[in-house]
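Worksheet for the structure shown next.
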Amino acid sequence: MEIIVNGEQREVNDGITAAQLVEDMQITAKRIAMEVNLEIVPRSTYAEYTFKPGDKVEIVHAVGGG
Amino acid sequence: MTETVKDSPLVIAGKTYSSRLLVGSGKYKDNEETRLATEASGAEIITVAVRRSNIGQKPGEPNLLDAIPPEKYTILPNTAGCYTADDAVRTCRLARELLDGHNLVKLEVLADEKTLYPDVIQTLKAAEMLVKEDFEVMVYTTDDLTIAKELEAIGCVAVMPLAAPIGSGLGVQNPYGIKFIVEELKVPVLIDAGVGTASDAAFAMELGIDGVLMNSAIAAAKDPVLMASAMKKAVEAGREAYLAGRMPRKRYASASSPVDGTFF
């Protein structure tokens, strides 16, 4: 199925969890936050959270800023 | 000896800080420069921005929060780049998740790209939404007293008028306006943005504000670490001068040495 991650279309396995997605992207160890269709997905729920086709996923982190 | 005036510490959202200088983490060459300049500034509250992560393209990219660890500093996520209340609120929700429930945020909603002036209408809306969601909001705004009072009434924990446009380094453009805000508000008032060099920071503090937040003045200096140290001293000096109370201005001279006892 296709989901959109940080503005890019991405082909992923059906039923992929947030934890698996983060692992595939090699950002497991980082301090990140995730939002799906404008709703926050708490980090503690990544293992159970499964995506649906067309989900709009945003994964963010802290960068330098004033 | 006369007794020296004692300062009361800066308290924001119930937390006490010994430094009145708050710094941003943007525009540095690398994380090491960020770390060194932040340390030299003595700041305890450090702003960060929230942006999309690299998704696999640069797996080894260093993490900003390794240079400024949340265990050591109070991390203040900002809503920089937001032009609507909705985007600002969305950014704050992500920031709270990113920082494990830490709910202190710097709200800024911008009006246009050229001036980066605050859009106070959207800022008021966003502040209301954020306070309802239990965020502790330090808010970037104009030097307008009416808006500042309204932001305080909404429940913002600090009101932060600009000295001059973000990144302009022009120094305090409306000192009398800033003084109105300082005198009328009960929450801490900080200058956010527009300071260019140490004398600007000292001048700002002499107005009686509770602190200064800056980024470019340090990061865009030729030697950011040295400028960070200069700003630390300037903010302390300005605060002390404010507490000490400056001498009145006079148009003509007044000799410091006695006139009596001259032998010539």
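Find the Rg to Rh ratio for the range B:165-264, where Rh is the Kirkwood radius over alpha-carbon pairs and Rg uses the same atoms.
Expressed as Rg/Rh, it is 1.14.
Could you please state, rounded to a whole Å, how far the C-alpha centre of the range B:150-222 is from the C-alpha centre of the range B:32-107?
Result: 21 Å between the Cα centres.
Other chains' Cβ within 10 Å of B:82-95 residues: what's the mean?
What the average comes to for B:82-95 is 2.
Provide the packing ranking of B:131-142, B:163-174, i.e. peptides ordered by the mean count of other C-beta atoms within 10 Å per residue, highest first. Don't jump to the answer; show the numbers that get you there.
Details: B:131-142: 20.8, B:163-174: 19.2.
Answer by packing, highest mean first, reads B:131-142, B:163-174.
Towards the positive end of the charge dipole of chain A, with charges on Cβ (+1 Lys, Arg; -1 Asp, Glu), say which of A:ILE16, A:MET34, A:ILE3 has the farthest Cα.
Going by the charge dipole, the pick is A:MET34.
For the range B:91-186: lysine pairs with Cα atoms under 24 Å, gap of 8 or more or different chains, count?
13
Once every DSSP H run of n ≥ 4 in chain B is given -39500 (n - 2.57) and the sum is divided by its residues, what mean residue ellipticity at 222 nm do you get, rounded to the nearest 500 deg cm²/dmol?
Calculated mean residue ellipticity at 222 nm is -11000 deg cm²/dmol.
Hull surface divided by four, with the convex hull built on the Cα atoms of the protein assembly as shown: how many nm²?
Average projection, Cα convex hull of the protein assembly as shown: 21.3 nm².
Provide Rg and Dmax in Å for the range B:60-209, with only Cα atoms included in the calculation.
Over the range B:60-209's Cα set, Rg and Dmax evaluate to 15.3, 49 Å.
Under a cut-off of 14 Å between alpha-carbon atoms, report the aspartates and glutamates in cross-link reach of A:LYS56, not counting same-chain residues fewer than 8 places apart.
A:GLU2, A:GLU8, A:GLU11, A:GLU35, A:GLU39
Averaged across A:40-46, how many Cβ atoms of other chains sit within 10 Å of each residue's Cβ atom?
That works out to 2 on average.
Work out the charge dipole of the range B:67-168 with +1 on the Cβ of Lys and Arg and -1 on the Cβ of Asp and Glu about the Cα centre, then indicate which of B:TYR83, B:PRO69, B:LEU107 is farthest towards its positive end.
Ranked along the dipole, the leading option is B:PRO69.
How are the Cα pair distances of the range B:36-88 distributed, in percent, across 5 Å bins from 0?
Reading upward from the zero bin: 4, 15, 22, 20, 17, 16, 6, 0.
Report the normalised scattering of the range B:87-145 as log10 I(q)/I(0) at q = 0.23 Å⁻¹, calculated by the Debye formula with identical scatterers on the alpha carbons.
-0.89
Give the cross-link partners of B:LYS232 among the aspartates and glutamates, using a straight C-alpha distance below 15 Å as the criterion and excluding same-chain residues fewer than 8 apart.
Within the straight-line limit of under 15 Å, B:LYS232 reaches these aspartates and glutamates: B:GLU39, B:GLU44, B:ASP200, B:GLU206, B:ASP210, B:ASP223, B:GLU240.
Pull up the DSSP beta bridges for the range B:1-140 and report the antiparallel fraction as a percent, rounded to 5.
Percent antiparallel among DSSP bridges in the range B:1-140 is about 25.
Under a 5 Å amide H to amide H cut-off, with H placed in plane at 1.01 Å, what residues pair with B:ILE12 once short-range neighbours are removed?
When sequence neighbours closer than 5 places are left aside, the close amide H contacts are B:TYR17.
Taking the Cα centre of chain B as origin, work out the dipole magnitude from +1 charges on Lys and Arg Cβ and -1 charges on Asp and Glu Cβ, in debye rounded to 20.
440 debye
Cross-link partners among lysines for A:LYS52, C-alpha distance below 27 Å, same-chain residues fewer than 8 apart left out?
In chain and number order, the partners are A:LYS30, B:LYS58.
So how do B:THR38, B:THR123, B:THR74, B:THR4 line up by other beta-carbon neighbours within 10 Å, fewest first?
Listed from fewest to most nearby Cβ atoms, that is B:THR4, B:THR74, B:THR38, B:THR123.
State, as an integer percentage, the relative contact order of chain B based on alpha-carbon contacts under 8 Å between residues 6 or more apart.
19 percent
What ranking of B:ASP87, B:ASP223 emerges when the number of other C-beta atoms within 10 Å of each C-beta is taken as an exposure proxy, fewest first?
B:ASP223, B:ASP87
Using +1 at the Cβ of each Lys and Arg and -1 at the Cβ of each Asp and Glu in the protein assembly as shown, identify which of B:VAL139, A:VAL60, B:PRO175 lies farthest towards the dipole's positive end.
B:PRO175
Over all residues in B:42-53, what is the mean tally of Cβ atoms on other chains that come within 10 Å of each residue's Cβ?
What the average comes to for B:42-53 is 5.
So what does log10 I(q)/I(0) come out to for chain B at q = 0.07, 0.10, 0.13, 0.15 Å⁻¹, using the Debye formula with one equal point on every Cα and no solvent?
Once normalised to I(0) and log-transformed, intensities are -0.26, -0.50, -0.82, -1.08.
No value in this document is a laboratory result; all are computed from the given coordinates. Note that this is a predicted model, so its numbers are computed, not measured. Heads up, the Cβs are rebuilt from the backbone with ideal geometry, glycines too, and the neighbour counts pull from every protein chain shown.
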